[in-house]
Amino acid sequence: MDIKQIEDLRAMLPTGRTLFTYAKHQYGLQLLRYAAPRSIPVNALRQTAVAPLLQKPQVKTALAQCGREIQREFLDTQIAHLPAPEHYVLTLGVWATASGRGRAMQTSRAGANLVLQLNFSNWHNRAFERLVKPKNGWEFNHSDHPALHDERAFRRYTLAWARLDIDFDRGETLIEEIQTDWVRGALSLRRRIEAVMQGRMRRPYHWQHKFEGKDTDIVEYCERYLAPHRERWDEAMLSATLFFLREELGMGNIWMHTPQSGIFLKQLGRYSAPPVSLYSDLPRRFCFRETETMPVFLAREKKTVQRLRRLPNARLQKFML
């Protein structure tokens, strides 16, 4: 993507942010909405890509109440009344080289990526600051990663992000990456604190430069305030990405990397490869299927196509709704 396209898009969003609410396993009902743009017989759904979703508890409950046909308005009501939703704020960032030219790191082609950031609510943020007591702007996101680095007094913090390569003319998107630093960093800190509390390791000196919270308070933060996000961050991030692409931008064709294609095309090193499940189990649950097709902007890159052909089973996967 061109950086100017990204900046123009960011300027179009109201105050640069969008609210997004997500409850556990909400994606099943969300995908049914895409399969039923108006109304559709339930039996017809069993012949579509969403058929595996029909066995999920929340979807089964909804189908039991709708009769023989299911309507989008009914699904909207079901989603609105799901229990214990988490509230997020979506913001947009940029992943590019320092100069804005050439190929950014871990991208499939030259250019920049649009970054969709899934940010915690203020309720979480104030709990993090009260219990963990971060110092000097410290947080669980790496400074060189595309999280939202908020400089305001009441900061927003990023749970996860998705990097996107978009062709607006053709309505095509490649999801380059889904990632969280926050969950990994918080769980790593908790494990080290427990080791200190149990006498299995000494407290590192550098901790005092990062946070002032008591050990018990940090454990409470992880167990009470982070736990709901820890369990569903990947679902929430991919759901937010599809919501943003389908409902905000009107993108009709969406691809995502498989583990093999991501490592190969993004030139990831041995220790840079993400968890395989993020690019296999997760997209499969969301009705992505491996395909021989790819976005036109990749198909035009002869070297990319040639490299893919040399690697067995290095196909992309496409969203089938």
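The values are calculated or read from the model by the stated rules, or taken from the named source; none is laboratory data. Fair warning: this is a prediction, and the values are worked out from it, not measured in the lab. Please note: Cβ atoms are built from the backbone with ideal geometry, for glycine as well, and neighbour counts cover all protein chains shown. Surface accessibility is based on the protein's heavy atoms, side chains included, excluding ligands, DNA and RNA. Shrake-Rupley method; radii C 1.70, N 1.55, O 1.52, S 1.80 Å.
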Please list, short to long, the whole-number percent of alpha-carbon pairs of the stretch 91-181 in consecutive 5 angstrom bins beginning at zero. 3, 13, 21, 22, 16, 11, 8, 5, 2, 0
Linear extension gain, Ala110 paired with Arg38, 0.36 nm per residue minus alpha-carbon span: 22.0 nm
Estimated FRET transfer efficiency (Lys135, Thr77; beta-carbon r; R0 51 Å; 0.05): 0.65
So what's the chain giving for Cα Rg divided by 2.2 N^0.38 Å, two decimals? 1.06
With n ≥ 4 as the cut-off for DSSP H runs, can you work out [θ] at 222 nm for the chain, using -39500 (n - 2.57) per run divided by the number of residues, rounded to the nearest 500? -10000 deg cm²/dmol
What whole-number value in Å² describes the accessible area per residue of the chain for a 1.4 Å probe? 50 Å²
Give me the number: length gained by fully extending Thr61 to Phe154, i.e. 0.36 nm times residue separation minus the C-alpha to C-alpha distance, one decimal in nm. 29.5 nm
Tell me, what is the 1.4 Å probe accessible area of Met320, in Å² to the nearest 10? 100 Å²
For a label point 7 Å along the Cα-to-beta-carbon line of Glu69, residues of the stretch 27-51 with backbone N under 14 Å: 36-45
Describe numerically, in nm with one decimal, the distance between label points set 7 Å from Cα along Cα→Cβ at Arg46 and at Glu223. 4.6 nm
Highest-fluctuation residue, Ala104, Ala64, Ala35 considered, GNM on the chain with Cα pairs under 10 Å: Ala64
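Sequence gap at least 6, Cα distance under 8 Å: using those rules, report the relative contact order of the chain to the nearest whole percent. Let's see the in-between values first.
On the way: 480 pairs, mean separation 55.5, N = 321.
For the chain, the relative contact order is 17 percent.
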Springs between alpha-carbon atoms under 10 Å, Gaussian network over the chain: tell me which of Trp161, Trp207, Trp182 tops the mean-square fluctuations. Trp207
Ordering Ile3, Ile178 by the accessible surface of their heavy atoms, 1.4 Å probe, largest first, yields Ile3, Ile178
When the chain is treated as a GNM, springs tying every alpha-carbon pair under 10 Å, which of Thr18, Thr91, Thr107 comes out with the largest mean-square fluctuation? Thr18
How do the peptides 183-195, 162-174 rank, highest first, by the average count of neighbouring beta carbon atoms within 10 Å per residue? 162-174, 183-195
